[in-house]
Amino acid sequence: MYAITGATGNIGSKTADILLSKGEKVRVIGRSAARLQQFVDKGAEAAVGDLKDAAFVTRAFTGATAVFAMIPPDYTAQDFRAYQNEVGANIATGIKNSGVRYVVNLSSQGAELAEGTGPIKGLHDQEERLNLLEGVNVLHLRCAYFMENLLMNIPLINEKGIVGSAVRGDQKFAMIATRDIAAQVAEWLVRRNFEGKKVQDLLGWRDLSLNEATAVIGRKIGKPDLKYVQFSYEETAKWLTDMGLSADVSSLFVEMSKALNDGLFDVNRPRTPENTTPTSIEDFAETFARYYAASTMRHAA
């Protein structure tokens, strides 16, 4: 039995689907029974509850051979790091009290840094917390910038005809598709051939800049002149809060953008066959185009 936190998110959902397609027993964990039903229909067991409830987390992990552990983001949290640490502590307690011996933990590039990386700071805390668990084998997957983050630009394309953020358009850094992360998570859960506390980088197909990514996406959606625009940090913070993120979360994302611009993480990381994954930006552009087409249809309606 494999327990999957964040089962309705980008990575957890894909991981659950991969495992279920292989005939594995899966327990999907989430707050909404309705959203978990798609996995139950495929044979999964649902554990419905809140990761802020330590007793629930222990019950959800009990009997699992291995756990995929992640801290689902709450972008409305007034103190995001405190939220991450509350949920992270409950996950660690659940692992300890349930007797789970193998954990694949979703972390991030930059998690080796205690400060200056925005929301990644909470993942640094979680790595250190899980490393204190005795007798538990933990694999920290330090993933690169998600290609799916680019989907946040769809409203901007529809409204202003541009793509933009606070990150420099010419800064090359690692980007990865979440389907590649899920494939790695599923493989590590099943194989469980790691001992002690281990870190594995996942860097995507290649480093690329947002200028390059925008050009590829623009061609795919029929906008070959689509341009990337770097916003000021102040403009970015306002845009994010206007989208519904809390002021704290918005400031953390701005801090993460500064860290990327300064090359503190995700930049010039050494590549190996083990940390390079197959989905290219051209492949991901197909996914982006589907979401973009759906958004234009909703807008037209």
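Just to be sure, is residue 89 in contact with a His (Cβ under 6 Å, 6 or more places away or on another chain) and closer than 30 Å to residue 257 by Cα?
No.
If you check residue 160 against the conditions, is it in contact (Cβ under 8 Å) with a residue 60 or more places away in the chain and either buried (at least 17 other Cβ atoms within 10 Å of the Cβ) or over 20 Å from residue 118 (Cα atoms) (or both)? Reasoning before the result, please.
Working: in contact (Cβ under 8 Å) with a residue 60 or more places away in the chain: no; either buried (at least 17 other Cβ atoms within 10 Å of the Cβ) or over 20 Å from residue 118 (Cα atoms) (or both): yes.
No: the conditions fail for residue 160.
Yes/no per residue for (1) surrounded by 15 or more Cβ atoms within 10 Å (Cβ to Cβ); (2) under 17 Å from the mean Cα position of the chain (by Cα):
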residue: 9; (1), (2): yes, yes
residue: 15; (1), (2): yes, yes
residue: 20; (1), (2): yes, no
residue: 27; (1), (2): yes, no
residue: 33; (1), (2): no, no
residue: 39; (1), (2): yes, no
residue: 48; (1), (2): yes, no
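State whether the residues of the range 73-81 include one that is over 23 Å from residue 194 (Cα atoms) and either outside any loop (DSSP other than H, G, I, E, B) or in contact with a Lys or Arg (Cβ under 7 Å, 6 or more places away or on another chain) (or both).
yes
Which one of the conditions (1) in contact with a strand residue (DSSP E or B) (Cβ under 9 Å, 6 or more places away or on another chain); (2) surrounded by 20 or more Cβ atoms within 10 Å (Cβ to Cβ); (3) within 30 Å of residue 260 (Cα to Cα) does residue 84 fail to meet, given that it meets all the rest?
(1)
Mind listing just one residue for me: the one in the range 66-104 that is polar (S, T, N, Q) and touching a Leu at 6+ places or on another chain (Cβ under 8 Å) and, of those, farthest from residue 123 (Cα to Cα)?
The selected residue is 76.
Would you pick out the residues in the range 82-120 that are under 18 Å from residue 189 (Cβ atoms) and part of a strand (DSSP E or B)?
Correct list: 102, 103, 104, 105, 106, 107.
If you check 240, 264, 252, 260, which single one turns out to be closer than 22 Å to residue 112 by Cβ and touching a helix residue (DSSP H, G or I) at 6+ places or on another chain (Cβ under 7 Å)?
Residue meeting the stated conditions: 252.
Here is a list of conditions, (1) of a type in the set (A, V, I, L, M, F, W, C); (2) over 12 Å from residue 185 (Cα atoms); (3) touching a residue at least 12 places away in the same chain (Cβ under 8 Å), and residue 4 meets all of them except one; can you say which number that is?
(2)
What's the total number of residues in the range 228-269 that are in a loop (DSSP other than H, G, I, E, B) and closer than 20 Å to residue 175 by Cβ?
Summing the residues that are in a loop (DSSP other than H, G, I, E, B) and closer than 20 Å to residue 175 by Cβ in the range 228-269 gives 9.
So which pairs qualify, if the first residue must be in the range 92-106 and under 9 Å from residue 58 (Cβ atoms) and surrounded by fewer than 23 Cβ atoms within 10 Å (Cβ to Cβ), the second must be among the hydrophobic types (A, V, I, L, M, F, W, C) and modelled with pLDDT under 95, the Cβ gap must be under 7 Å, and the two must be at least 6 apart or on different chains?
none
Considering 277, 287, 272, which residue is in a loop (DSSP other than H, G, I, E, B), crowded, with 18+ Cβ neighbours inside 10 Å and at pLDDT 95 or above? It would help to see each step written out before you state the result.
On the way: 287 fails: in a loop (DSSP other than H, G, I, E, B); 272 fails: crowded, with 18+ Cβ neighbours inside 10 Å.
So the residue among 277, 287, 272 that is in a loop (DSSP other than H, G, I, E, B), crowded, with 18+ Cβ neighbours inside 10 Å and at pLDDT 95 or above is 277.
The values are calculated or read from the model by the stated rules, or taken from the named source; none is laboratory data. The structure presented is a predicted model; accordingly, all values stated were derived computationally and were not measured. A quick note on method: Cβ atoms are made from the backbone with ideal geometry, for glycine too, and the neighbour counts reach across all protein chains shown.
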